[in-house]
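Encoded as structure tokens, the structure appears first; notes follow it.
All of the numbers you see were taken from the coordinates with simple rules; none came from a lab. These figures come from a predicted structure and were not determined experimentally. All Cβ positions, glycine included, derive from the backbone under ideal geometry; neighbour counts span all protein chains shown.
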Amino acid sequence: MAGCGGKDGLYAVLGVSSDCSDAELRSAYRKLAMKWHPDKCGSGGVEAAKARFHKIQAAYAGCWRHTGRHPGGHEPHTSTRK
């Protein structure tokens, strides 16, 4: 991911170390997502909040990709319906 400084940069965005537990990673993500969610910031800094929120989401997804695991401990559901 550009601009995040590699794997360690992804964890830094979330404020955790790269050897954190799954629970610590989820907790950090949830706290930051609630803090920076654009709907929670009022009318003042919506664009800045959107940018920060998207960076947090991307870092969280990137951390899971780097570990080879999926949030929640299971493979994502894929539909077989046509």
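Which whole-Hz ³J(HN,Hα) couplings does segment 30-37 yield from phi under the Karplus relation 6.51 cos²θ - 1.76 cosθ + 1.60, θ = phi - 60°, glycine and proline marked x?
Going residue by residue, I get 4, 4, 5, 5, 5, 5, 9, 4 Hz, with x marking Gly and Pro.
Quick one: dipole size for segment 7-61, taken about the Cα centre, charges +1 on Lys/Arg Cβ and -1 on Asp/Glu Cβ, in debye to the nearest 20.
On the way: 9 positive and 6 negative charges, 41 e Å.
Roughly 200 debye, rounded to the nearest 20.
Taking a label point 7 Å from the Cα of Ala51 along the Cα→Cβ vector, which residues of segment 23-39 have an amide N closer than 20 Å to it?
Hits in segment 23-39 for Ala51 at 20 Å: 32-39.
Setting aside same-chain residues fewer than 8 positions from Lys50, which aspartates and glutamates have a Cα under 13 Å from its Cα?
Asp39
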